[in-house]
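The values are calculated or read from the model by the stated rules, or taken from the named source; none is laboratory data. From a predicted model like this one, the values you see are computed outputs, not experimental measurements. Cβ: placed from backbone, ideal geometry, glycine included. Neighbour counts: every protein chain shown.
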Amino acid sequence: MVYKEKNGIGPVVKKASSIFIAFVLLLPASSDGETEIFGRARLEGAWETTSGTVQKNEQNIDVEIKSYLGEHISVKAFLRGLYETELEEDIHSEGDVRELYIDYSGDNFKARLGRQQVVWGKTDGLKLLDLINPQDFREFILDDFIDSRIPLWMVRGDIYVGDDTLQLLIIPDYRPNDIARSGDRFEPAYLKSIRALPLIHAEEEEPGGTLADREYGIRYSGFARGWDYTLNYFHSWEDNPLFFRETIGGNPAIVRRYKESDMYGGSFSNAFGSFVIRGESAYNRGRYFSTADPLDADGQVKKDEVRGAIGIDYTKGDWLISGQVFESYIRDYDDGIVFDEASTTLSLLVNVKFLNEMLELKLLDIYGTKDKDNLARLSAVYSLTDRWKVHLGGAVFSGPDDSFLGQFDEADRAELEITCNY
């Protein structure tokens, strides 16, 4: 439920306002009901440090409404009006329903129906189990996860078994990742090469819209002997379309296709004084990987992939220091696959608060051990008042041009964000 235009924000504001008014007016009457309304206005800007080019110029207004309709039912809407000037001075505006769902709570269960986000993983910087919602990659991995997740229409059920929870998801709404367009700053190198091929480019119809194309997931979360743990399963369509070599009308072509896969995973965590040990793992069965092997018929091979992460968090007063190790491994590897058979990525997070938590400083560094590519993110957030915050930050990329992080070596940027909560 997104409305877009190219010239002016007026119609978008009217449509977003209509959604807001309709939501409030259509709330069922309830003598003991209660409605809460929260809002936020935010200005975000980013400039490349080498050229001064504007990388991001975005203004948005969020309105969050939650209404309690008696003891068991509540309704929530999270609406966003956005206006931005992208690279190449392309004006873009939209009214987006980020969340719109109804909750029903019983004694041993809760059911949620509507557009929503579901978070399974909790790793810093990179995702492992957090695969339920697709992601907006137009800013690569620089945008906050809560903003970059693309909400989906789904049915969610949580069944409580003592202190444990069984969660069930049914998702008839498919949306792919939002990838940077041709010529944008964060266009991935592999997409540049594919888009530049002088071939016919075609795309099959996206999945979704029918129960036969639904995605679904199951997660069991529990607690045993001091350890929190989850067991996860997710059947889904790949969020990134795959590019197959084919022949159309006797001419070579590149066809975007959508394939299904299964993820089996789990997580664990435990606290030992000031330390927390946590980890996640995922076994992705039946994933497709691009291959440069000229003898391969369609340019894609189907393999299983194992991914894992372990982290240690240390908290002391207003300090948080966290280190993570990510590992990935492609089983039954073929030499032509364009990704490495195995890779290791390290991350370090340092977060500290000063002045009675009015000032927060943060460093997040992500480092690939094989290619020696790196992303360093620095930020300082100062609370001017209870409502107003100013965020100053920056992102620095380094590494070989063909590496995951180094491909954006020229995209280093300085960031400014001003937020008002109301």
- What number of residues in segment 394-422 are part of a strand (DSSP E or B), buried (at least 18 other Cβ atoms within 10 Å of the Cβ) and without any contact (Cβ under 8 Å) to a residue 40 or more places away in the chain? 1
- Message: Being surrounded by fewer than 15 Cβ atoms within 10 Å (Cβ to Cβ) and in a strand (DSSP E or B) is the requirement here; does residue 295 meet it?
- Response: no
- Item | Selection within segment 184-193 - assigned to a helix (DSSP H, G or I) and within 24 Å of the chain's Cα centre (by Cα) | 189, 190, 191, 192
- How many residues does segment 244-265 hold that are within 22 Å of the chain's Cα centre (by Cα) and among the aromatic types (Phe, Trp, Tyr)? 2
- Item | Among (1) touching a residue at least 12 places away in the same chain (Cβ under 8 Å); (2) part of a strand (DSSP E or B) - the single one residue 247 does not satisfy | (1)
- residue 380 is checked against (1) within 24 Å of the chain's Cα centre (by Cα); (2) touching a residue at least 24 places away in the same chain (Cβ under 8 Å) and fails just one. What number does that condition carry? (2)
- Residue hits (segment 216-234; free of Cβ contacts under 8 Å to residues at least 60 places away in the same chain and more than 14 Å from residue 167 (Cα to Cα)) are 224, 225, 226, 227, 228
- Query: Within segment 311-351, which residues are within 24 Å of the chain's Cα centre (by Cα), over 17 Å from residue 368 (Cβ atoms) and either among the aliphatic types (A, V, I, L, M) or surrounded by fewer than 15 Cβ atoms within 10 Å (Cβ to Cβ) (or both)?
  - Reply: 312, 320, 321, 350
- Task: Would you mention how many residues in segment 312-348 are more than 16 Å from residue 405 (Cα to Cα) and either outside any strand (DSSP E or B) or basic (Lys, Arg) (or both)?
- Result: 10
- Near pairs, Cβ below 9 angstrom, 6+ apart or cross-chain, from segment 321-339 (without any contact (Cβ under 8 Å) to a residue 40 or more places away in the chain and in the same structural domain as residue 290 (by TED's automatic domain parsing)) to any residue that is of a type in the set (Gly, Ala, Ser) and part of a loop (DSSP other than H, G, I, E, B): none
- Note on the structure: How many residues of segment 64-73 are touching a Phe, Trp or Tyr at 6+ places or on another chain (Cβ under 6 Å) and buried (at least 20 other Cβ atoms within 10 Å of the Cβ)? The answer is 0
- Checked pairs for segment 193-208, first loosely packed, with under 14 Cβ neighbours inside 10 Å, second among the hydroxyl-bearing types (Ser, Thr, Tyr), C-beta under 7 Å and 6 or more apart or across chains, list as 204/258
